[in-house]
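A short reminder: the numbers here are calculations on the coordinates, not readings from a lab. Since we're looking at a predicted model, the values are computed, not measured. FYI the Cβ positions are ideal-geometry reconstructions off the backbone, even for glycines, and counts take in every protein chain you see.
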Amino acid sequence: MDAGFERITQQVHHFISALISAKSPLNLLIAFSGGLDSCVLLHAIVQAKKTLDFDFKVMHVHHGLSPNADKWGDFCKQTCLSYQVPLEVVKVEVQKGAGIGLEAAAREARYKALQAARADYIMLAHHRDDQAETLLLQLMRGAGLKGLSAMAAKDESRSLLRPLLDITRQEIEAFAKANQLAWIDDESNQNTKYDRNYCRHEILPVIKARFPAADETLARSASHMAESAKLLDELAQIDASACIIDGRMNVDQLSALSLPRAKNLFRWWLSSMGFLAPSSDRLDDMLTQLMNASNDASLKILLDKADEIILRRYQGFVYIEANHPKHASDIAMIWQGEASLTMPDGTHLVFERHQGQGLAIDRLGGHKLRISNRKGGERFKPDLARPTRTLKHLLQEVNLPPWQRERLPLVYLDDTLAVVPNVGVDCMMQASERDLGLVIRWIV
């Protein structure tokens, strides 16, 4: 076989070999559409399996968008049967009215199905031409550095692998013909009403006519963007060490940064919390409100279109909160030794054993700790040298935000308020230096 054809087999082999050396046993999931690219990837993986020790299975996501969708599913079954590899066909419903376009909705449904499977990594058949198309599309959308980084060969955050990312479509076609592979053609790939197809059939051919190595140079640019984006993430982590305390952001520290640096930190913070960054205009408006409000201002800013996530400012700090938490009156739990308990509003109580800290475990005896919500009028004495005080005043003193005070879970031993998480332990129940203690923290 031609050396160029061998490159695909060797590259997939080396890619998987490196994975095995880092993680063994290795369990892979192969995304298989039945198209040219995924047929080539599956064939190369089957060859790699002959000499490497790893497990894999195949998934075909059935979108049901084409009248030929059932035939494609049957083709995938026959192909996997010929290789004697396991295949799962998953039917998904594409949300056509989601407001993000049919292409994006189908892609979202596909990734959701793939990531629901239990595997160490998901292997995708994206190649260099796909990378060039992605970069051009992101440029047209005005994306930032992360978007212009296009696709990564190894995306650890989403457990995605793309071993063919520096292989051209031309090489893939030649490999398929040399190995006499069969594949299906999705008729929608010719429909230029879709942005990616328009880019593939109308724009890139014109660019390549003048710049034949455009796919290679565009992919290289995406790689440079990825390096720059990584540096910005590292800068954000440095800034976060000074600006973010216990999951909340200090407004004064944020304001001390240059505006581009503050925006970079804010995007990174939202991403680290699992949220998508807002548009540039929206982000500018949010930062203006957060940084220019008076010190005693209490702000509430909607973060997403669904109004499910909000930013709050209180006592000089920014918080990210769910907009519609369930009321704390739902709390009625017994702790039975778990490392953590999930509250009805999605927050968590974490229980850790430490010497000389927290609630003295020997005080429990055979009694269970009871978790409840505030009823009003509670009194608490965490400091032996100070008088018993109302819980209301103690929470104000520690600057717990008002919306969190309403949901704060309280820990009782029988009828005695033993622990107010993140505030203190009843002075008569605190662990001494010789005692093993239970430290209870509330993670919002």
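For the range 376-390, just list the computed ³J(HN,Hα) in residue order, Karplus coefficients 6.51, -1.76 and 1.60, θ = phi - 60°, integers in Hz, with x standing in for Gly and Pro.
Each residue of the range 376-390 in turn: x, x, 5, 10, 8, 9, x, 10, 4, 7, 10, x, 4, 10, 6 Hz.
Helix 3-22 against the longest principal axis of the chain: what's the angle in degrees, Cα atoms only, rounded to the nearest 10?
For helix 3-22, the angle is close to 20 degrees.
Report, in deg cm²/dmol and to the nearest 500, the calculated mean residue ellipticity at 222 nm for the chain, where each DSSP H run with n ≥ 4 adds -39500 (n - 2.57) and the sum is divided by the residue count.
Numbers: 15 runs with 175 residues, N = 444.
It comes out at -12000 deg cm²/dmol, rounded to the nearest 500.
Name the long-range amide H neighbours of residue 435: under 5 Å, sequence gap of 5 or more, or other chain; modelled H, no Pro or chain starts.
Counting only residues 5 or more places away or on other chains, the set is 356.
Of 203, 44, 217, which is farthest on the positive side of the dipole of the range 3-225, counting Cα position, with +1 on Lys and Arg Cβ, -1 on Asp and Glu Cβ, and the Cα centre as origin?
Of the listed residues, the answer is 217.
What does the charge dipole of the chain about its Cα centre add up to, to the nearest 20 debye, if the Cβ of each Lys and Arg holds +1 and the Cβ of each Asp and Glu holds -1?
Roughly 640 debye for the chain.
I'd like the distance between the alpha-carbon centres of the range 111-133 and the range 246-269, rounded to an integer number of Å.
A separation of 33 Å, based on Cα centres.
Taking Cα atoms, how many degrees apart are the long axis of helix 128-140 and the longest axis of the chain, rounded to 10 and kept between 0 and 90?
The two axes meet at around 60 degrees.
Mind putting a number on the dipole of the range 29-121 about its Cα centre? Charges go on the C-beta only, +1 for Lys and Arg and -1 for Asp and Glu, and I need it in Debye to the nearest 20. Could the numbers behind the result be given before it?
On the way: 11 positive and 10 negative charges, 13 e Å.
With Lys and Arg at +1 and Asp and Glu at -1, about 60 debye.
Cα centroid distance between the range 1-78 and the range 165-202, in Å?
With the range 1-78 and the range 165-202 each reduced to a Cα centre, they are spaced 16 Å.
In the chain, what % of DSSP beta bridges are antiparallel (nearest 5)?
Details: 45 of 60 bridges.
Roughly 75 percent of the beta bridges in the chain run antiparallel, per DSSP.
Report which label in (i) 67, 60, 38; (ii) 85, 51, 40; (iii) 90, 45, 36 holds the value of Cα extents along the principal axes in Å derived from the coordinates of this structure.
So the calculated entry is the one marked (ii).
Just add up the charged neighbours of residue 121: K/R +1, D/E -1, any other residue whose Cβ is under 13 Å from the Cβ of residue 121.
Working: positive: 23, 57, 118, 154, 158, 162; negative: 55, 120, 155, 156.
Neighbourhood net charge equals +2.
Could you tell me which of rounded, prolate or oblate describes the range 163-215, using a ≥ b ≥ c as the square roots of the eigenvalues of the alpha-carbon gyration tensor, with rounded for a/c under 1.5 and, failing that, prolate when a/b is larger than b/c and oblate otherwise?
Values: a/c = 2.35, a/b = 1.24, b/c = 1.89.
Oblate.
Provide the per-residue ³J(HN,Hα) series for the range 280-291, in order, calculated from phi with Karplus coefficients 6.51, -1.76, 1.60 and θ = phi - 60°, each as a whole number of Hz, with x at glycine and proline positions.
4, 5, 5, 5, 4, 5, 4, 5, 4, 5, 5, 8
Note the angle between two axes, namely the Cα long axis of helix 169-178 and the longest principal axis of the Cα atoms of the chain, as a number of degrees from 0 to 90, rounded to the nearest 10.
60 degrees
Enumerate the calculated ³J(HN,Hα) couplings along the range 48-53 in order (Karplus 6.51 cos²θ - 1.76 cosθ + 1.60, θ = phi - 60°), each rounded to whole Hz, writing x wherever the residue is Gly or Pro.
5, 4, 5, 10, 10, 9
Compute the Cα gyration tensor for the range 3-225, then decide on rounded, prolate or oblate, letting a ≥ b ≥ c be the square roots of its eigenvalues: rounded whenever a/c is under 1.5, prolate when a/b is larger than b/c in the other cases, and oblate in all that remain. Working shown, then result.
Working: a/c = 1.39, a/b = 1.17, b/c = 1.19.
Because its axes are fairly even, with a/c under 1.5, the range 3-225 counts as rounded.
If Lys and Arg each add +1 and Asp and Glu each add -1, what is the summed charge of the other residues whose beta carbon sits under 9 Å from the beta carbon of residue 26?
So the environment of residue 26 carries a net charge of -2.
Modelling each spin label as a point 7 Å along the Cα-to-Cβ direction, I'd like the residue 384/residue 81 distance in nm, to one decimal.
Roughly 7.8 nm, to one decimal.
List the lysines whose Cα lies under 20 Å from the Cα of residue 392, skipping any in the same chain that are fewer than 8 positions away.
Answer for residue 392, where 20 Å is the Cα cut-off: 375, 381, listed by chain and number.
State whether the range 328-443 is rounded, prolate or oblate according to the following rule on the C-alpha gyration tensor (a ≥ b ≥ c being the square roots of its eigenvalues): a/c under 1.5 gives rounded; otherwise a/b larger than b/c gives prolate, and the remaining case gives oblate.
Working: a/c = 1.63, a/b = 1.13, b/c = 1.44.
In terms of gyration-tensor shape, oblate.
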